[in-house]
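Here's the structure we're looking at; comments come further down.
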Amino acid sequence: MADSEKEYLVGTVRPTNRPEAGQELDLDTLIPAKIKLLSSTMNFTQGTPEEFSTSMPGYEAKSAEFAKMGANLVRPSGAPPFMLLGYQKEQELIGSWEKKYNVPMWTSGQNHVRAFRTLGVKKFVGASYFPEKMNNIFAKYFTDAGFEVLGMEGIGGAFADVPKIPPEKVLEFMLSVAAKHKNADAIYMLGSAWKSVEIVERLENQTGITVVHAGPARAWGTQLSLGLRHKIKGYGKLLAEMPS
């Protein structure tokens, strides 16, 4: 079968079961290839370390189901649950699942690390919608991965209300975070719950700094994993240029 005709199956274990109105545009759907996207959910509702800490058996079981379906790629998504394990333990866990189920897998965090390394980023400033204690854990994850984290701030608010934050407010917050660290190589936006895909390119244009955002990074990483490199403009440098 020619590459242009080849079909792919990608299984995603999503962290939450938010209603469609609370979802961002899934940039994977803009990839012009015959990719069948299947998903299941962990149905997190609290977004706390306590809720995340018992989730690994569920993630593994759902990932295993996609493997049985013949998936070409499995994405156990949601950065926080895996980052709480620590960088090294996450590597070991996902590596064991790949070997056990014989299918490529990566977490959001692993994909973001790959994006930073591909872009040549050494130091970055980040933000999320999680509290300070968790942001400190996220920062350590990336420090252990070899990066200098200049800051990791939280926008505040309840976990369930994150999709209600207006994109303009997210942009304003991210600009204020970036302004504190003008020596950063990149800006990092952790999480897919806030509606922020549409502000990525504006944030890059206004700061002159590359943005690694969960949504575009997922579409970028998925393409590379499947041997595709279709550029999608309008959502930041990573997806527009498709570096490999």
Residues within segment 95-112 that are surrounded by fewer than 23 Cβ atoms within 10 Å (Cβ to Cβ) and assigned to a helix (DSSP H, G or I), tallied: 9
Among (1) surrounded by fewer than 18 Cβ atoms within 10 Å (Cβ to Cβ); (2) closer than 27 Å to Glu51 by Cα; (3) free of Cβ contacts under 8 Å to residues at least 24 places away in the same chain, the one test that Asn135 misses: (1)
Among (1) under 18 Å from the mean Cα position of the chain (by Cα); (2) assigned to a loop (DSSP other than H, G, I, E, B); (3) among the aliphatic types (A, V, I, L, M) - the single one Ala184 does not satisfy: (1)
Boolean, Leu171 is more than 16 Å from the chain's Cα centre (by Cα), assigned to a helix (DSSP H, G or I) and crowded, with 21+ Cβ neighbours inside 10 Å: no
Those residues of segment 26-36 which are surrounded by 15 or more Cβ atoms within 10 Å (Cβ to Cβ) and either in contact with a strand residue (DSSP E or B) (Cβ under 7 Å, 6 or more places away or on another chain) or of a type in the set (Asp, Glu) (or both), in sequence order: Asp26, Asp28, Ala33, Ile35
Positions within segment 1-25 being modelled with pLDDT of 90 or more, over 27 Å from Pro167 (Cα atoms) and either out of contact with any Lys or Arg (no Cβ under 7 Å at 6 or more places or on another chain) or surrounded by 12 or more Cβ atoms within 10 Å (Cβ to Cβ) (or both), in sequence order: Tyr8, Leu9, Val10, Gly11
Qualifying residue in segment 140-157 (condition: touching a Pro at 6+ places or on another chain (Cβ under 9 Å) and not in a helix (DSSP H, G or I)): yes
The one condition in (1) at pLDDT 95 or above; (2) of a type outside the set (A, V, I, L, M); (3) in a loop (DSSP other than H, G, I, E, B) that His230 fails to fulfil: (1)
Selected residue (criterion: nearest to Gly47 (Cα to Cα)) from residues of segment 59-94 that are hydrophobic (A, V, I, L, M, F, W, C) and not in a helix (DSSP H, G or I): Leu84
Residue match in segment 213-225 (condition: free of Cβ contacts under 8 Å to residues at least 60 places away in the same chain, under 15 Å from Ala79 (Cβ atoms) and either buried (at least 22 other Cβ atoms within 10 Å of the Cβ) or among the β-branched types (Val, Ile, Thr) (or both)): yes
Test for Val162: is it touching a residue at least 12 places away in the same chain (Cβ under 8 Å) and under 22 Å from Gly221 (Cβ atoms): no
Single residue of segment 180-210 satisfying the filter (more than 15 Å from Gly126 (Cα to Cα) and small (Gly, Ala, Ser)) that is modelled with the lowest pLDDT: Ala193
Members of segment 73-121 that are touching a Pro at 6+ places or on another chain (Cβ under 9 Å) and without any contact (Cβ under 8 Å) to a residue 12 or more places away in the chain: Glu98
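The values are calculated or read from the model by the stated rules, or taken from the named source; none is laboratory data. These figures come from a predicted structure and were not determined experimentally. Cβ coordinates were reconstructed from backbone atoms using ideal geometry, including for glycine residues, and neighbour counts include every protein chain displayed.
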